[in-house]
Amino acid sequence: MGCLYVGLQTDAIHSHGYYDEATGTFIPPIYQVAMFEQIVEPRLSDRGVDLKYSREENPTVRCLERVIARLEEGDDALCFSSGMAAISCVYIGLLRKGDRVVIPMEAYGTTIQLALELKEKFGIEVVTVYPETEEVINAVNRNTKLVLVETITNPMLRVIDVPEVAKVCKEYGVTLVVDNTFATPVLYKPLRDGATLVIHSMTKYIAGHNDVIAGSVIGSRELILHLWDWRRKLGTIIPPFEAYLVLRGVKTLELRVRKHCENAQAVAEFLKEHSRVEEVLYPGLPDNRYHEVAKKLLRGGFGGVVSFKIKGGKEEVRKFFKNLKVIKPAPSLGGPESLITYPVLSAARTIPVEFREKLGITENLVRLSVGLEDVNDIIEDLDRALKAI
């Protein structure tokens, strides 16, 4: 099986492809098989593990892993059946009883929820801090085993200064895990700045079509091989057909992310001037408190998500959602369609109430994943729905 992606540029993702010399095909085949022939001499994948059972290793999955590793400039990658499967593998594979973990209280709700349940079940110490660079840094000490941060937080879109956190983690020998889902490797590559591992919910921008659930972890060859064995035991590998769909999405990743960013910037600027909007949260706005650190980290855009607060409360949000026509209410992001969600009932629902109040996740907050439609259509839809409140 020849799985070689040729011409993949990590700074310009538009030029890459698969090529199999044996058949002349440039589209990776889907190895929809459960097992492989067992022979006296093991048939090894390029990772050096025995190719025998698709719960452990699959050629289609391996193609995707090599591409994702190169996009994030890591030695290797693992692909999973979901983003949470990836996070679960990192937690279970790296943590032991008594280990201290630092997580911002605005991480994805299920990421926090799982860590807190591991604390109760297995004696992991979990320290939740306010999602600011200084707060994360101050929480790191010689007893810390792992720090997990998101490049851009959900749903308040705070931007963590990853290089500064990485410096402190390196000083104390701490594993730094960066969830780079919102930024994607198009805008930012955390491994360049000292992150130990990078995580993606590839369901979002990397797959990019709202039709597949997938996750990934990228890092050093040694650490990925260690986590490979945990993935094998947990049974959380991505199926081959889903891997094929993600590979399809990667081909247009840079083009899509640039357009998402362009549309989101225009939408944020429109909402900022709207009489029915109380506040706009988007790091691309010059007066946003995270604008400077976002300019330092992000390359060529500020992301495709815009959060904003409507004047009013739950009833006004309900009326607003009801009057949208182009934008669809749905709890995800990163696909071609513009999707809007109500954080207190979706991603932030599992965040403890006291955390939500401190973070400013209020009943009038909405999160908009700006899609690839004509930006004037998106703006007109927002304007019509806001005026109907």
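Readers should treat all values here as calculations from the given coordinates under stated rules, not as data from a laboratory. Keep in mind the model is a prediction, meaning the values are calculated, not measured. Because the Cβ atoms are built from the backbone with ideal geometry, glycine has one as well, and the counts that use them run over all protein chains shown.
What to note about this one:
- Label zone at Arg299, where the point sits 7 Å out along the Cα-to-Cβ direction: segment 188-207 residues whose backbone N lies under 12 Å: 188-193
- For the pair segment 20-56 / segment 308-386, the C-alpha centres are spaced 44 Å from each other.
- Among Glu242, Glu278, Glu21, the largest mean-square fluctuation in a Gaussian network model of the chain (Cα springs under 10 Å) belongs to Glu21.
- Dipole orientation for the chain: of the candidates Ala243, Ile87, Val198, Ile87 has the Cα lying most toward the positive pole (charges on Cβ; Lys, Arg +1; Asp, Glu -1).
- Here segment 136-293 yields Rg over Rh of 1.01, to two decimals, using C-alpha coordinates and the Kirkwood radius.
- By DSSP, the beta bridges lying fully in segment 4-250 are antiparallel in about 50 percent of cases.
- Phi angles across segment 309-314 convert, under the Karplus curve 6.51 cos²θ - 1.76 cosθ + 1.60 with θ = phi - 60°, into 3J(HN,Hα) values of 10, 7, 5, x, x, 4 Hz, Gly and Pro given as x.
- Once the chain from His226 to Glu354 is taken as fully extended at 0.36 nm per residue, the excess over their C-alpha distance is 42.4 nm.
- D_trans [Stokes-Einstein, Kirkwood Rh over alpha-carbon pairs] for the chain, 4 °C, 1.567 mPa s, µm² s⁻¹: 60 µm²/s
- Using just its DSSP H runs of length 4 or more, each adding -39500 (n - 2.57), the chain gives a mean residue ellipticity at 222 nm of -11000 deg cm²/dmol after division by all residues.
- Size of electric dipole in the chain: Cβ of Lys, Arg +1 and of Asp, Glu -1, about Cα centre, debye, nearest 20: 580 debye
- Out-of-range pairs (alpha-carbon distance over 22 Å; input Lys322/Lys387; Lys167/Lys295; Lys97/Lys167; Lys204/Lys387; Lys189/Lys259; Lys272/Lys387): Lys97/Lys167; Lys204/Lys387
- Span from the segment 113-138 Cα centroid across to the segment 218-264 one, whole angstrom: 25 Å
- Within the listed set Ala22, Ala86, Ala347, the Gaussian network model of the chain (springs between alpha-carbon atoms below 10 Å) gives the highest mean-square fluctuation for Ala22.
- Backbone amide hydrogens, once placed in the peptide plane, bring Arg158 within less than 5 Å of Thr153, excluding anything fewer than 5 places away on its chain.
- Label point 7 Å beyond Cα of Asn143 along Cβ direction - residues of segment 69-101 with amide nitrogen under 15 Å: 97-101
- Per-residue HN-Hα couplings for segment 104-115 [Karplus 6.51, -1.76, 1.60; θ = phi - 60°; Hz; x = Gly/Pro]: x, 6, 9, 5, 3, x, 6, 4, 5, 4, 5, 4
- When the inverse distances between all different Cα atoms of segment 253-387 are averaged and flipped, the Kirkwood radius reads 15.1 angstrom.
- Kirkwood-type hydrodynamic radius, segment 223-309: 15.9 Å, calculated from all non-identical alpha-carbon pairs.
- Note on the chain: GNM, Cα springs under 10 Å; of Gly98, Gly48, Gly219, the largest mean-square fluctuation is that of Gly48.
- Computed from backbone phi with θ = phi - 60° and the Karplus coefficients 6.51, -1.76 and 1.60, the 3J(HN,Hα) list for segment 205-213 is 5, 5, 6, x, 10, 6, 9, 8, 9 Hz; x is used for glycine and proline.
- Selection among Leu51, Gly219, Gly313 by position relative to the dipole of the chain gives Gly313 as farthest towards the positive end (Cβ unit charges, Cα centre).
- Direction-averaged projected area, Cα convex hull, segment 298-352: 5.3 nm², rounded to one decimal.
- Subset of Lys251/Lys358; Lys170/Lys309; Lys119/Lys170; Lys119/Lys233 violating a 32 Å alpha-carbon distance limit: Lys251/Lys358; Lys170/Lys309
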